[in-house]
Amino acid sequence: MSDIKIKRRKKSKSVYAPTPKLSKEEIHTLAILVNNEPGVLARVIGLFSGRGYNIESLTVAEINNIEHLSRITIVCSGTPEVIEQIKLQLDRLIPVLEVSDLTIECEHVERELALIKVVCTGDKRIEALRCADIFRARVVDSTLESFVFEITGTTDKVDAFINLMSPLGLVDVSRTGIAAISRGKKAIGSF
């Protein structure tokens, strides 16, 4: 047997995924102004998937058809270092015109839309309508055995309504993801 000692290497810290003990994970809402051209969304999403970043919510739509601009709203999670890396790497993409971290740069409003299908009869049907009224959810479709409710609000409000509908016959949910905009004079891009 040899008396050679093997030196153990210390594990290096990853720039992309620091251990939770080093930094606490945060959730940030990013508003990204991009040129509306083919492949832009794929490039933005590719940045996230290629580096193992997680997307909690994603919405995208054209906001100016004359200048062909779209707005992508991404809710992502990570340590402060990871969030900073995400913003820097997004800003380097050619079709990206502006990246704004609404979570730290300004006060903002966030809303989500959900369509919720509930199949129920009798007392459960009455209870579903009563809960919808309390949450200001609208009935957008109704049959003798089912309702489709539309609810708009914060993610917490939508989650709470879904939780109430579960025991009443919830069968399907479709959510848009978060749309967010800054309050006051601050705006992303110019029109």
Going residue by residue through segment 148-169, is there one that turns out to be more than 22 Å from R71 (Cβ to Cβ) and of a type in the set (S, T, N, Q)?
yes
Only listed residue being among the acidic types (D, E), in contact with a Cys (Cβ under 9 Å, 6 or more places away or on another chain) and touching a residue at least 40 places away in the same chain (Cβ under 8 Å), chosen from E107, E112, E127:
E127
If you scan segment 61-112, which residues turn out to be among the β-branched types (V, I, T) and under 17 Å from I45 (Cα atoms)?
I72, T73, I74, V75, V82, I83, I86, I94, V96, V99
What are the pairs, 6+ residues apart or on separate chains, where a residue within segment 53-76 that is at positive phi has its Cβ under 9 Å from a residue that is surrounded by 13 or more Cβ atoms within 10 Å (Cβ to Cβ) and of a type outside the set (F, W, Y)?
H68/N35; H68/N36
Check segment 157-173 and report whether any residue there is among the hydroxyl-bearing types (S, T, Y) and touching a residue at least 40 places away in the same chain (Cβ under 8 Å).
no
Look at D159 and say whether it is outside the structural domain of I74 (by TED's automatic domain parsing), of a type in the set (D, E) and farther than 24 Å from T59 by Cα.
no
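The values are calculated or read from the model by the stated rules, or taken from the named source; none is laboratory data. Source: prediction; values computed, not measured. We place every Cβ from the backbone using ideal geometry, glycine too, and count neighbours over all the protein chains shown.
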